[in-house]
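The next block holds one structure in the form of structure tokens; read it before the comments.
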Amino acid sequence: MSSPTASAPSATSGRLADEAARRRTFAVISHPDAGKSTLTEALALHAKVISEAGAIHGKAGRKSTVSDWMEMEKARGISVSSTALQFEYGDCVINLVDTPGHSDFSEDTYRVLTAVDAAVMLIDAAKGLEPQTLKLFQVARDRGIPVITVINKWDRPGQAPLELLDEIVDRIGLTPTPLFLPVGIAGDFRGLLRRGEEGAATEYIHFTRTAGGATIAPEEHYTPEQAAEREGDAWTNAAEESELLSAAGQDHDQELFLAGHTSPVIYASAMLNFGVRQILETLVELAPPPRSRKDVNGNERETTAPFSAVIFKVQAGMDTAHRDRLAFMRIVSGEFERGMVVTHAQTGRPFATKYALTVFGRERTTVDTAYPGDVVGLVNATALAPGHTLFVDKKVEFPPIPSFAPEHFATLRAKTADKYKQFRKAMDQLDSEGVVQVLRNDARGDASPVLAAVGPMQFEVVTARMQSEFNVETQLDFLPFQLARRTDAESAEELSRQRGVEVFTRTDGAILALFSDKWRLQYIVKEMPKLTLELLVAGT
Ligand code: GDP
């Protein structure tokens, strides 16, 4: 394998720039059941990665499931793992990074959103905006990620098209700018009207259903005149809606979209494969390619700089047949070649990338080369944790990924003393993966650390994996704390003396004070205003 060059010659740099420019890396954010798995399959179907919808997730009684890697996922019907699907579409390389389906794992989703350049916000046409959509949208906004909105399930009865858009304006303050409007009311989805300059319809795309939506829906293209003749009122209504939107200033504007003020909208049915090609087209044409990223010193790392990457996800036990631990990196700059030796910024140690994979569901494919925007899984990368940086050449380090504010707390211990050593080892591993946050203090000791989670299901993952991977039976006891604040060593002493408060050190060194309830916290803030009590990211 060739070793990384210190400064890329310009021909390489040109090629790198071209490779980066043709990449689109995005995640789908949605409330459970909005159709994320179905849409993922539909996109893969259009990109010809799979020949029949149902091959990946096996929802809706189609073929066997591939992404349900853990018993718990099967039992709950949720997806805990995040993986990436890469496919070529036209001249573009598209990376779809999967996010966990349940809100208890929103910290994982947050990490995924640090690794993408755009998000598709998927909304169920009948249900409109749901709590998880709103929460995830907020995260996308905080990260400055442009959002494309897909209104799904238009084949089912639901709200009026413009009503849904009003909800987006009112509840999230984002201006929706439809690129396509549905022809036919919800439940009678015939096709899409393509909006041009000032809302003028430029064409009608008519879709034909296929059996069970298992294959691509054939498209026929008509002029607006032909469409009016063919579809009558359904077309006239869509054309009128398009004009109304223009009058309200809801036309696509690339700059406003990239700045996060507006969101292009597409109406679709992931199940019938209606509008799916239009989603891909929009990603290719409008979603931003990988851009430079700020390092800890505030310098921009250009995509054409020597190789660098950020770890955003660590996952062990994905496949019981391979007892391995995968660290997923998002490439920020340069070319990745399997086998190259990179440096782990946090330890300064070299890391050999002999085993590099893309992972989607149970599919694993070896990666030989990858470029900015790509997601690569590194096998048995024990030292790597979410937020870490890998680089070649001169040292670069990207800012850590902020932790969420935990809201659930419990102690965990091995049920029998003879398993203590194994328990500690397992705890360290789960901690470094970021499965839960681990808190310790002298009073409690190491035998029963406190686990802090955003959602209680994270505890289930810990106890299930303790049992299945490490053969340790554990006892989990919930603690009566509801809130956490970051504090410092100086304030910690005073806080420890308060009733309903306990102070801990998290593995990353942060000192956290836990409070029994918000009244206790408010009281302390009022009575002792000099104490340091900072809000953690994205919490209450
Ligand atoms: P996820 O939880 O967001 O991954 O949602 P799924 O993809 O599992 O979909 C949830 C349910 O909605 C399943 O029963 C799907 O078959 C169904 N579904 C998904 N997309 C559509 C659609 O476009 N139309 C209809 N009618 N049902 C859909």
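Each reported figure results from applying straightforward, stated rules to the coordinates on display, with no laboratory input. Every value quoted in this text rests on a predicted model; they were computed, and no experiment measured them. Don't worry about glycine lacking a Cβ; one is built from the backbone with ideal geometry, like all the others, and counts go over all protein chains shown.
What to note about this one:
- Value of D in µm² per second that Stokes-Einstein yields for the chain, Kirkwood Rh from Cα pairs, at 20 °C (1.002 mPa s): 86
- Computed [θ] at 222 nm, helices only, for the chain once each DSSP H run of length n ≥ 4 contributes -39500 (n - 2.57): -8000 deg cm²/dmol
- For the range 152-206 versus the range 363-412, the spacing of their alpha-carbon centroids is 38 Å.
- Once C-alpha pairs closer than 8 Å and six or more residues apart are averaged by separation and normalised to the residue number of the range 305-391, the relative contact order reads 40 percent.
- Rg and Dmax, both from the Cα atoms of the range 80-137 and both in Å, are 12.8, 37.
- Per-residue Karplus couplings for the range 427-438, computed as 6.51 cos²θ - 1.76 cosθ + 1.60 with θ equal to phi - 60°, are listed in order as 4, 4, 5, 5, 5, 5, 6, x, 5, 9, 8, 10 Hz, Gly and Pro entered as x.
- Enclosed volume per residue, in Å³, of the convex hull spanned by Cα atoms of the range 356-478: 155
- Computed FRET value (nearest 0.05) for E220 with K530, which takes r as the C-beta separation and R₀ as 51 Å: 0.10
- In the range 408-535, the inverse of the mean reciprocal separation of distinct Cα atoms equals 15.2 Å; this is its Kirkwood hydrodynamic radius.
- Nonlocal amide H pairs with Y89, under 5 Å, H built at 1.01 Å: I94
- Mean Cα-pair separation over length for the chain, i.e. relative contact order, pairs under 8 Å, 6 or more apart, %: 13
- Above-threshold pairs, the threshold being 26 Å between Cα atoms, out of K294/K354; K313/K425; K135/K518: K294/K354
- In nm, spacing of pseudo-spin labels at W519 and D428 (7 Å Cα→C-beta vector): 4.4
- Cα centroid of the range 470-540 to Cα centroid of the range 109-135, whole Å: 30
- At full extension, T507 and E255 could sit 86.6 nm farther apart than now, given 0.36 nm per residue minus the alpha carbon distance.
- Stretch gain in nm, segment T416-S292, where the contour uses 0.36 nm per residue and the Cα spacing is subtracted: 39.6 nm
- Distant-in-sequence amide H partners of D374 (H built 1.01 Å from N, under 5 Å): I331
- Subtracting the Cα-Cα distance of K394 and A447 from 0.36 nm times their residue separation leaves 15.0 nm of extension gain.
- Taken along its three principal axes, the alpha carbon spread of the range 139-208 comes to 39, 29, 19 Å, from the longest extent down to the shortest.
- Relative compactness, the range 305-391, computed as alpha-carbon Rg over 2.2 N^0.38 Å: 0.99
- Distant-in-sequence amide contacts of S516, defined by a placed amide H-H separation under 5 Å and a gap of 5 or more residues or a different chain, comprise Q482.
- The range 439-540: relative contact order in percent, alpha carbon pairs under 8 Å with at least 6 residues between: 27
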